[in-house]
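Let me begin by presenting the structure, written as structure tokens, before commenting on it.
The values are calculated or read from the model by the stated rules, or taken from the named source; none is laboratory data. Remember, predicted model here, so these are calculated numbers, not experimental data. Note that each Cβ is placed from the backbone with ideal geometry, even for glycine, and that neighbours are counted across all protein chains shown.
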Amino acid sequence: MEVSLQKIRKSWEALEGYHTMVYFAPEAIADYQQVGLDFILGYFASRSAPMGRVSDKVVTSAFYVFKPELVSMAIPKAWEIIDPDELTRIRYGAADKALRRILGEEISSAEIAKSAEIASRIAHTAADNFAGRPLFAGHCNIAWPEEPHMILFHAQTLIREFRGDGHMLSLVVHEVSPLQALILDGAASKEHSISFLKSTRGWSATEWATEEDDLISKGLITKSGDDLAVTESGRQLKDAVETMTDRLSLVAYSQVSNEDLDILISTGKKFAENLAQANSFIKNG
């Protein structure tokens, strides 16, 4: 029986923090600083490193929602400082240290081991379907770790980038530009505020205002003061983008069941608070 698209999305959302913690964990920030990478260089270079010494345009294309000039601050400068393969090794070492701190005794739990086994099945199936997913394909070249907590980290990283590449394809099909995608997300989401997105994606206030006006004229958002909200048409567009993203992810889930996804959802929920609290950016932001 085909797994539920709703459960696919929920399982990814539930374990998203297990992957994204590496971008903000103090262990990663410190390790990147030791080799000469500040936060901006560390983020863009560590995430794109599995693709090799790619250009800033390639990274901008793969990450989609960042202003090109922000990416150009990091790439290719980072490759003059460190080799991509070495940076990937450092990234995974930092993830290992962070997860050992965050999970504590739970690191050896049956729950982590079972979730790692399920997630690795999804990731291995996804690896057979890498066409059209460049960032994911680069991550497929990383050697699989041996310990369950790191198997789960690597598997969730692959799942995240597989879905992310598919999400960009969906945005392109639905003719949603990078900045429009950010504004629609900020207007509709309780998790991603407009102020947070403005401060981290590099676009100017003028560029934001221009795109907001365009989305308002198209009837996709409304604005009251500084507050944005999606209209029914805007919600339908976002739902269409996410539904196509789910459908494009489905091919990776042929070797798991809905019950397997329930386990991933349960594990993600169990550790979500610890992952967030252990995240230096969330704690200080």
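Worth pointing out:
- When N274, N279, N284 are screened for being within 26 Å of T200 (Cα to Cα), at pLDDT below 95 and exposed (fewer than 15 other Cβ atoms within 10 Å of the Cβ), only N284 passes.
- Residues satisfying the stated conditions in segment 248-265, i.e. more than 18 Å from the chain's Cα centre (by Cα), in contact (Cβ under 8 Å) with a residue 60 or more places away in the chain and part of a helix (DSSP H, G or I): V251, Y253, N258, D260, L261, D262, I263
- Segment 216-236, subset among the charged types (D, E, K, R) and not in a loop (DSSP other than H, G, I, E, B), residue nearest to the chain's Cα centre (by Cα): R235
- Of all residues in segment 155-162, at least one satisfies being assigned to a helix (DSSP H, G or I), in contact (Cβ under 8 Å) with a residue 40 or more places away in the chain, closer than 16 Å to M21 by Cβ and among the hydrophobic types (A, V, I, L, M, F, W, C).
- Flag if V22 is in a helix (DSSP H, G or I) and either at pLDDT 95 or above or not aromatic (F, W, Y) (or both): yes
- Within segment 210-268, being hydroxyl-bearing (S, T, Y), farther than 21 Å from G164 by Cα, at pLDDT 95 or above and surrounded by fewer than 20 Cβ atoms within 10 Å (Cβ to Cβ) holds for T210, S217, T222, T231, S233, S257, S266.
- E27 vs. criteria at pLDDT 95 or above, of a type in the set (D, E), part of a helix (DSSP H, G or I) and closer than 30 Å to S204 by Cα: no
- Filter result (among the β-branched types (V, I, T) and under 20 Å from the mean Cα position of the chain (by Cα)) within segment 18-42: T20, V22, I29, I40
- The one condition in (1) surrounded by 14 or more Cβ atoms within 10 Å (Cβ to Cβ); (2) more than 15 Å from the chain's Cα centre (by Cα); (3) not charged (D, E, K, R) that V173 fails to fulfil: (1)
- In segment 186-209, the residue that is surrounded by the most Cβ atoms within 10 Å (Cβ to Cβ) out of those that are in a helix (DSSP H, G or I) and of a type in the set (A, V, I, L, M, F, W, C) is A187.
- Residues in segment 60-72 that are over 17 Å from L37 (Cα atoms) and either aromatic (F, W, Y) or in a helix (DSSP H, G or I) (or both): 8 in all.
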